[in-house]
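In what follows, a single structure is set out as structure tokens and then discussed.
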Amino acid sequence: MRGTLFRLFPQATDSYPEPELIEVSRPAGTVGPGPSDDRLIVVDAVDKVPYDPPLTLPPFRGAVRPPAWPDQNGDFAWIPIDTEQFLQAHLYGCVRLSVDVWEKYLGRTVRWMDLIGRERLELVPLVEWANAQSGPGFMEMGCQVNNEGEMRLFCLNADVIAHETGHTVLFAELGTPAQDRLTGEFLAFHESLSDMTALLTALHFETVLDRVLTQTNGNMYVANDSNKIGELSSTQQIRVADNTTRMSDLAGLRLAASGDWIDPSGQGRNAHALAQPLTGALFDFLVDLYQDNLVTRGVIAPDDDARGWDRDEVDAAMATLAATFGNRYETLRGDFREALVDARDTVGFVLGAMVDRVDIDDLSFGEVAGVLLEVTSELVGLYAADMLAENLRWREIDPVVPARVTAGVMLATARRFRAGVPYAQQIGQFRALRHAACCLPARRHEGAVAFGLGKIIRAEHRRPD
């Protein structure tokens, strides 16, 4: 049985004047008015103010607009773009697509956490608020005027919706740390993976794949739509995945016990800024995998392969790369597309496996990096883990080898990778752990800790970078 059809905009800019026809996983005929299903329901609230847990929570009990209805085939692609019902269908479709992407990479159904006794996540298309947020049992979208004076509705921006869905999925899968074991790097980790949710979901749009490759002639080092998160106009986005931020650029930035961020630089930076090195390393890894796929397919010669170059070398060789990729891209467009799709899915499956193993109590980027290298070596190979390790080191993220516990016996102790030593020389640590039972942390899905963490994350969203 086929899925349900929606028309969705990848980003809310003139770059995509027409929405793309997208089929989500829910079988046609199983999505009801709203749209709604057994896990999601759109509530188009009238004159609503943003939720503020635990003071205000769903369900919304005020007036609502008429819901979007499916056609006789069970699809929502028929709805005119200039209607309130299109906003409703667009929000639902983007959330469902983002969840589909995560469920593909996790290999299972995601079950929501903390729905306050309710079974469905409430989706609100529009509140008068220059932001968007997700929280216990809800997700709601605001709007913002961009740098060209145009009003942009976040419910029409798949990037923003996917980012918020990423937070919701991560809370469902990971829960929240113990009350005294929350770290600033956990909040930054949440932001980084939510940005990666937006990037990977965007790369499931055929129009995005085509536009990215057309923009770059196949050279992903050129600025393109895949690395702009939450684009508001052709020259404005909330964040950029292809950044050059290192941990030393964020020296002194930390989360205080009060939940406020302390930034010695006076720039008011927060979890979004601290997330940038990890996001940048993951984006660089995606590009490395893409380059490797092109070389493996014989599309580009090894001498043209930029995997081992640093950013200065890439910048110096940009013109030559553009000519090389441009000449090949015109005749081998399909191979470039498949190389990018394969890299996209490889990163996605690595992130899915990492989520299953990472311990969120006292979380650090070093421990996240160690788990990423472990699962990459298992799922992809040592060569890929070596590429990822180099990207992490460039960002000054020093991986910590994860400890695994089986039958109550510690198989290895956490230790740091030595800077400058090839990853392959240290991979024996991972080989010894490969078949060990995975010691998953307890998942904490309720109570004051979850509410308190939600307030910290929402506070960060009110000051987007």
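Applying the condition of being of a type in the set (A, V, I, L, M) and in contact with a Leu (Cβ under 8 Å, 6 or more places away or on another chain) to region 1-38 and asking which residue is modelled with the lowest pLDDT yields ALA12. Contact map, region 181-197: first residue under 18 Å from VAL350 (Cα atoms), second residue of a type in the set (Lys, Arg) and not in a helix (DSSP H, G or I), Cβ cut-off under 7 Å, separation 6 or more or different chains; pairs are ASP195/ARG239.
Among the residues of region 390-399, not a single one is without any contact (Cβ under 8 Å) to a residue 12 or more places away in the chain and over 30 Å from GLN179 (Cβ atoms).
Only one of the listed residues (ALA89, ALA68, ALA63) is at negative phi, over 24 Å from the mean Cα position of the chain (by Cα) and surrounded by 18 or more Cβ atoms within 10 Å (Cβ to Cβ). That residue is ALA68. Of all the criteria given as (1) modelled with pLDDT under 90; (2) in contact with a His (Cβ under 9 Å, 6 or more places away or on another chain), the one not satisfied by ASN217 is (2).
Under the condition of being open to solvent by 50 Å² or more (accessible area, probe 1.4 Å) and not hydroxyl-bearing (Ser, Thr, Tyr), which residue from region 220-239 is modelled with the lowest pLDDT? Checked region 220-239; the qualifying residue modelled with the lowest pLDDT is GLN237. Summed over region 273-307, the residues that are in contact (Cβ under 8 Å) with a residue 40 or more places away in the chain, in a loop (DSSP other than H, G, I, E, B) and not aliphatic (A, V, I, L, M) give a count of 2. Here region 338-382 is the region considered, the condition is being open to solvent by 10 Å² or more (accessible area, probe 1.4 Å) and among the hydrophobic types (A, V, I, L, M, F, W, C), and the residue that is farthest from LYS104 (Cα to Cα) is LEU382. Looking across region 29-54, the residues that are under 20 Å from HIS163 (Cα atoms), open to solvent by 10 Å² or more (accessible area, probe 1.4 Å) and assigned to a strand (DSSP E or B) come down to ILE41, VAL42. I'm checking my understanding of the structure. Among residues of region 10-28 that are under 25 Å from TRP112 (Cα atoms) and open to solvent by less than 60 Å² (accessible area, probe 1.4 Å), which one is farthest from the chain's Cα centre (by Cα)? The selected residue is ALA28. Taking the options LEU8, LEU21, LEU40, name whichever one is of a type outside the set (Gly, Ala, Ser) and over 23 Å from CYS143 (Cβ atoms). Exactly one of LEU8, LEU21, LEU40 is of a type outside the set (Gly, Ala, Ser) and over 23 Å from CYS143 (Cβ atoms), namely LEU21. Count of region 367-382 residues, restricted to those that are under 19 Å from the mean Cα position of the chain (by Cα) and farther than 21 Å from GLY175 by Cβ, is 3. Considering region 349-362, the residues that are in a loop (DSSP other than H, G, I, E, B) and under 18 Å from the mean Cα position of the chain (by Cα) include one that is farthest from ALA385 (Cα to Cα), namely ILE360.
The values are calculated or read from the model by the stated rules, or taken from the named source; none is laboratory data. All of these numbers come straight from a predicted model, not from anything done at the bench. Reconstructed Cβ throughout: ideal geometry from the backbone, glycine too, with neighbour counts over all protein chains shown. In case anyone asks, the SASA skips ligands and DNA or RNA and just uses the protein heavy atoms, side chains included. Shrake-Rupley method; radii C 1.70, N 1.55, O 1.52, S 1.80 Å.
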